[in-house]
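Asker: Please read through the structure below; I'll follow up with questions.
Where a number appears in this text, it was derived from the coordinates with a stated rule and is not lab data. All values reported here derive from a predicted model rather than from experimental measurement. Here the Cβ positions follow ideal geometry from the backbone for every residue, glycine too, while neighbour counts run over all protein chains shown.
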Amino acid sequence: MKCPVCKKSVENFREHAFGHVRADEAYVVETWDPQTASAKLVLYPLLAPLVRGEIKPLQKKFETPDARLLTRGRLQVLEWRRKVRRRRAS
Ligand SMILES: [Zn+2]
């Protein structure tokens, strides 16, 4: 799959896409498809890091019960939660 941000062909698009999100170069809209039971990612390039006021309108635009917007901040929260869960499990 070709990355819309850096135009490279990548194998693990999901991990690659999140790398761009972490670098504030893009945001991702993740849509859950119950028919295939898998999530589809769409990566949107950013010209500049998102500021607080820009995130809300994007959430309104993209978020549905089946779709969520992943920005750098959101991703950090999710990863932090995953880490805490892992620590509790061990
Ligand atoms: Zn890329």
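Asker: Starting from the Cα of residue 64, move 7 Å in the Cα-to-Cβ direction to define the label point; list residues of the range 22-52 whose amide nitrogen is under 18 Å from there.
Answerer: 28-44
Asker: Note the count of lysine pairs whose C-alpha atoms are less than 27 angstrom apart in the chain, limited to pairs 8 or more residues apart or on different chains.
Answerer: 10
Asker: Moving on to the next point. How big is the Cα convex hull of the chain in projection, averaged over all directions, in nm²?
Answerer: On the way: hull surface 28.8 nm².
That works out to 7.2 nm², a quarter of the Cα hull's surface.
Asker: Determine the calculated [θ] at 222 nm for the chain from helices alone, applying -39500 (n - 2.57) to every DSSP H run no shorter than 4 residues and normalising by the residue count; nearest 500 deg cm²/dmol.
Answerer: Calculated at 222 nm, the ellipticity per residue is -13500 deg cm²/dmol.
Asker: Given springs between every Cα pair under 10 Å in a Gaussian network model of the chain, which of 14, 22, 52 has the largest fluctuation?
Answerer: Comparing 14, 22, 52 in a Gaussian network model of the chain, the most mobile one is 52.
Asker: So, with +1 on the Cβ of K and R and -1 on the Cβ of D and E, and no other charges, what is the size of the charge dipole of the chain about its Cα centre, to the nearest 20 debye?
Answerer: With Lys and Arg at +1 and Asp and Glu at -1, about 480 debye.
Asker: While we're on this one: Along the positive direction of the dipole of the chain (beta-carbon charges: Lys, Arg +1; Asp, Glu -1; about the Cα centre), which of 73, 37, 6 reaches farthest?
Answerer: My answer, from the dipole projection, is 73.
Asker: Using the count of nearby Cβ atoms within 10 Å as a rough guide to exposure, how do 51, 5, 21 rank from fewest to most?
Answerer: Ordered by Cβ neighbours within 10 Å, fewest first: 51, 5, 21.
Asker: Restricting to Cα atoms and excluding each atom paired with itself, what does the Kirkwood estimate give for the range 40-85 in Å? All intermediate terms of the calculation are to be shown ahead of the outcome.
Answerer: Numbers: mean 1/r = 0.0834 Å⁻¹.
With all distinct Cα pairs of the range 40-85 included, I get 12.0 Å.
Asker: Please give the peptides 36-49, 67-80 ranked by average Cβ packing (other Cβ atoms within 10 Å per residue), highest first, as a rough proxy for protection.
Answerer: 67-80, 36-49
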